[in-house]
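Inspection log for the structure reproduced underneath, given as structure tokens.
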Amino acid sequence: MNEMDGPEPGNGGATVFVSYSREDRKRALPIIKRLEQAGFKVWWDGLLGGGERFSRTTEAALEGAKAVVVLWSKASVGSHWVHDEATRGRDRRCLVPVSLDGSEPPLGFRQFQVIDCSRSAGKPMEQIVRAVAALHDRPMESVPAARKGPAPSRRAFILGGAAVAIAGGGVAAWQLGMFGGGAGAPNSVAVLPFANMSGDPGQAYFSDGLAAEVRSELARNAGLQVAAQASSNKFRQREEDARSIARALRVSYLLDGNVRRSGNLVRVSAELIDGRTGFSKWTQTFERPMTDIFAVQSEIAQAVFAALSAQVTKPAGPGADGTDRRLGRTQSVAAYDLYLRGKDAFELSADEASDRSALSFFDQAIAADPAYGAAFAGRSRSLAVIANQYAQGKERLDLYGEAVEAAERSVALAPALADAHSALGFALFSGRLDVKAARAPYDRSNALGGGDADVLSRYALYCARTGRFDEARKAIGKAAGLDPLSPRTFRSVGAVEYAARQYAASIPPVERALSLNPKMSGAWAAIGASRLMMGETDKARSAFGRETSSLFGLPGIAIIARRSGDRAGAEAALARMIAEHGDNSLYQQAQVRAQWGEAAAALAALAKARAAGDSGLIFIRNDPLLDPLRQMPDFSHLLSDLGFD
């Protein structure tokens, strides 16, 4: 028997059976997830298809379980199914009774001590785990602790653009909505991270990846507003109720789900929830061979379209198999799995090892399917990150060259994939420093990717750095509406305003970004740069002093020290920056020298930065720290050489 069909006693089946009323499913899922995190194999009725409530598999699971966790509530007290399952757990002396809402168990079960989840005292979730562990003869010390959501990615700073010239943004009318709540549009939806119900934490990449693919498919519908991944993932732990999550994301609907993968079978349960009422609007379970996973993605998206048909016009899109090559897709399950692993490693962005692991997975996906357009886009982004963070000199230039080639291949294979054009624009602009060549792919990415916050943000930053501020504000405004809880989005808003030299407007969003991610690299330097331009020297000094990255903090410290008459302190800060970052700091060296009045040294540093392919040069057109050089012929020639108007 395949494990997907249900556990079988003595055959490695589940050892924890969770019984509850289906009305309590949302409150049951965090308990199920915590038990699986603790290492237990859990059986629950979400693994069943319609009409299977008390099938042979249910009975086998109940009889083989070492612990029967019964979730009592006002709804389940009146459920005959829950009564029957609780009776069997009681008779087998493996009952773990839990009250979800403070309700007393029915007669016949009140002699057992109940764990009350309606009270925070006593940490009921861990009490449940402790009781289950005891029935397995496992000491609590051996049980894995609860995991929190992933830390914000450091890479977001790189792909959003990294230099002292980044700042916050925000008092224009389109920005004000980012700082408050408000109801979502009738056609707005957020796809929450799908829960991994496979009993194997190593499968989380697959459930996360599947949710991301469904989100991307929904975002292609011009009639929908789809919340971006960064904001949606804030609610990975599901501690808030549906209405609270919908309010925070400013959407009208939530798509929730869970994934159980076993061998060649995958079961996906999806539920569309009305965020205004908290009630389910549509729910469906899909059980398919892995070879049909692409059809499942499309089926879920089409079902959501149908459920919102009053507000949504169905777009032209891929066929039922969801494998339109123009959108960068594949028909190979092996390639798809490797691609999801690559995306997972790329988002982890822990260190060079994880970045190179992502590149390896994308390369393996391409080997499995040489026509996989999305995998080539992933390869391009990985190469660009490795070049930016870990390489110098010829190695960096070669890596950027490979990034351009991979992105060009992605565009050729998947001309309708917004991310392919966005990857090409980024590789040309930040890697090859070819401003003019980058414009066409960036413009195309904006035309195709109006529902993708990351694509919109990259486009907005390109427009801002090339002086197209109206277009930049329009794009970043849309991105902000799709990604209202992402610190990266707030920082990008600020980058647009700083490039437009609206310094006062550039500070509040960066402060908001820091409230969401206090460790965000470059954020304090962004505030410092704005304060410096506003003449607020003391506040600028304080901000630069709080910056966690010496590459971005030390230039400001060196500039302010020199202005304050502390020549020794200024020289020490510059020397430290050069010692720590070498040629990766050439652009910052030019900023410092220009502000010190050393024009010849500043121009020499910029020339070396050009030869080295320093991506800091993408800021040169609007950087106020380089204003002392703007009337010089060599500076004008450099701007022209890079392709700036």
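The values are calculated or read from the model by the stated rules, or taken from the named source; none is laboratory data. Please read all numbers here as calculations on a predicted model, not as lab measurements. We place every Cβ from the backbone using ideal geometry, glycine too, and count neighbours over all the protein chains shown. Just the protein is used for accessible areas: all its heavy atoms, side chains included, with ligands, DNA and RNA removed. Shrake-Rupley method; radii C 1.70, N 1.55, O 1.52, S 1.80 Å.
So here's what we get for this one:
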quantity	calculated
With DNA, RNA and ligands ignored, accessible area of V69 (1.4 Å probe; Å², nearest 10)	0 Å²
E104 paired with D241, simple spin-label distance in nm, labels 7 Å along Cα-to-beta-carbon	2.5 nm
Segments 108-115, 544-551 sorted - mean Cβ within 10 Å per residue, highest first	544-551, 108-115
D137 versus D566: modelled label distance in nm, points set 7 Å from Cα along the beta carbon direction	6.7 nm
Heavy-atom accessible area per residue - region 415-481, 1.4 Å, Å²	31 Å²
Region 60-127, dipole about Cα centre (Lys/Arg Cβ +1, Asp/Glu Cβ -1), debye to the nearest 20	160 debye
Proximal lysines relative to K539, as straight alpha-carbon distance under 24 Å, when same-chain residues fewer than 8 apart are discounted	K519
For R276, residues with placed amide H under 5 Å, excluding near neighbours	none
J(HN,Hα) series, region 185-198, from Karplus relation 6.51 cos²θ - 1.76 cosθ + 1.60, nearest Hz, glycine and proline x	5, x, 9, 9, 8, 10, 9, 6, x, 6, 6, 8, 9, 7
Vicinal HN-Hα couplings computed from phi for region 381-392 (Karplus, 6.51 cos²θ - 1.76 cosθ + 1.60; Hz; Gly/Pro x)	5, 5, 4, 5, 5, 4, 4, 5, 9, 10, 10, 9
Nonlocal amide H pairs with A190, under 5 Å, H built at 1.01 Å	A227, Y253, L254, L255
Accessible surface of region 486-645, 1.4 Å probe, proportion on carbon and sulfur as whole %	51 percent
For region 570-628: relative contact order, % (alpha-carbon pairs under 8 angstrom, 6 or more apart)	35 percent
Accessible surface, per residue, of region 205-293 when the full set of protein chains is kept, probe 1.4 Å, Å²	36 Å²
Built amide H within the under 5 Å cut-off of D116, gap 5+	S99
Nearby aspartates and glutamates by direct alpha-carbon distance to K26 (threshold 15 angstrom, same-chain neighbours under 8 apart not counted)	D45, D101, E239, E240, D241, D256, E271, D274
Between region 432-466 and region 507-530, the alpha-carbon center distance in angstrom	23 Å
Too-long pairs where the Cα-Cα distance tops 32 Å, listed order kept, from K66/K281; K394/K436; K74/K123	K66/K281
Carbon plus sulfur fraction of accessible area for region 359-430, probe 1.4 Å, in percent	55 percent
Hz values of 3J(HN,Hα) by residue in region 207-215 - Karplus curve (6.51, -1.76, 1.60), Gly and Pro given as x	5, 5, x, 5, 4, 5, 5, 5, 4
Protection-proxy order for peptides 271-279, 14-22, each taking the mean of Cβ atoms within 10 Å per residue, highest first	14-22, 271-279
Extension gain from S640 to Q111, taking 0.36 nm per residue of separation minus the Cα-Cα distance	182.1 nm
Ranked packing of 339-345, 418-424, 567-573, most packed first, by mean Cβ within 10 Å	418-424, 339-345, 567-573
